[in-house]
Structures are given as structure tokens and as C-alpha cells.
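Quick notes on the structure that follows.
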Amino acid sequence: MIFRNHLIVTSAVTLVVIKEVELGLPIWAVIAGIIFGSLLPDLDHPRSTIGKRVLFVSVPLAGIFGHRQFTHSIWPLVLTVWLFNLTDQANSYVMVLMIGYMSHVIADMLTDSGVPFLWPFQRRFGLTLCKSGGVLEHIIAFSLLTGAIII
């Protein structure tokens, strides 16, 4: 999914979280955390929005795993929950990062590329609703945003 559509889907997720979930955080922290978290799966791509800024991380990740591999699987979420024990209210910041992170992974699951959710197993999971960068992808992204505004 191209950056513009990730931002639209992330905006939809952010609106729903702000409206429906009480995290005990300022709204600006929820928005910033979700947006930043949604960029993190692309740390494995040196030309991504975040990858360009942290080449010392993205280049090795790309070399070891490639794009849309480990960082687009369930493992970053599992490791984060294990490390931070998200049952504490103090970890609301980590939770909004993970909401953003998973919104990116789920959005990629809607495309023809899918994601290796159970990496290292290479079977890709997805709904194949649209082609990455295609017209239907834009329609789905804007529909999600419209739905989040209306709800």
C-alpha cells in the first residue's frame, strides 16, 4: 500500500480509537503514537518514510529479512506485549504504537501482496481485495476513513 493510503487507513483507525477507547492519554499522544507506530513495519525498507531516517536500522533489517517479512508478521506484536506486559495503564503509549503498527500490517493484508503473518513460514495472509496502488485500494482506504468519521 502506498504511503498516502497507509496514512488514510491510519487516520481512520486513529479516529475510531479516539472515539471508542479510553487510554488515559492526551489526544495528541494517541494521534502521534498511532501514526508513528504505523510507520514502524516499514523499518525493513531503506527507502520508506521511516527507513530513510534510520538507515543504520533499515539497511541491516532489509539485508537480513527483506521487505514485508519479519516486520509484517505477528512477532513484533508478541515481543512487545511480552516485553512491556500491556496490562499496565502506564503502557498506554506502547499500546497506541502497537495499534498503529497493526493497522499498517492489516492494511497490507488487504492488498494482493498479503503479509507473512506467521513468519518464518512464507505463506502470505490477506484478503486480496485490491492491488497495491490500484484504484480499488484508494476506494477502500477512503471508505474506511468515511466510516470512521460517521461512526
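The values are calculated or read from the model by the stated rules, or taken from the named source; none is laboratory data. The model shown is predicted, which means the values in this text are computed figures rather than measured ones. Counting neighbours? That spans all protein chains shown, and the Cβs are built from the backbone with ideal geometry, glycine included. Just the protein is used for accessible areas: all its heavy atoms, side chains included, with ligands, DNA and RNA removed. Shrake-Rupley method; radii C 1.70, N 1.55, O 1.52, S 1.80 Å.
Of A29, A107, A141, which is the most mobile in a GNM of the chain whose springs link Cα atoms less than 10 angstrom apart?
Judging by the Gaussian network model, the answer is A29.
Helix hunt in the chain: which complete DSSP H runs extend at least 15 Å axially by C-alpha with mean Kyte-Doolittle at least 0.5?
The answer, listed by residue number, is 3-20, 27-39, 92-109, 135-150.
Please report the equivalent ellipsoid semi-axes of the stretch 44-100, computed as sqrt(5 x eigenvalue) of the Cα gyration tensor, largest first, in whole Å.
They are 25, 13, 9 Å, listed largest first.
Give me the one-decimal nm value for the distance between modelled label points at W82 and I106, 7 Å along each residue's Cα-to-Cβ direction.
Each label point is offset 7 Å from its Cα along the Cβ direction, giving 2.4 nm.
Counting only protein chains, not ligands or nucleic acids, how are V57, V94 ordered by accessible area (probe 1.4 Å), most first?
V57, V94
Ignoring trypsin sites (Lys or Arg not before Pro) that are buried or in helix or strand per DSSP, and keeping those with at most 14 other beta carbon atoms within 10 Å, what is the longest stretch of the chain between them?
Longest gap between qualifying sites, sites excluded: 54-122.
State the percent of C-alpha pairs, over all pairs in the chain, separated by a distance greater than 23 angstrom. Write down the numbers at each step before the final one.
Values: 4117 of 11325 pairs.
Of the Cα pairs, 36 percent sit more than 23 Å apart.
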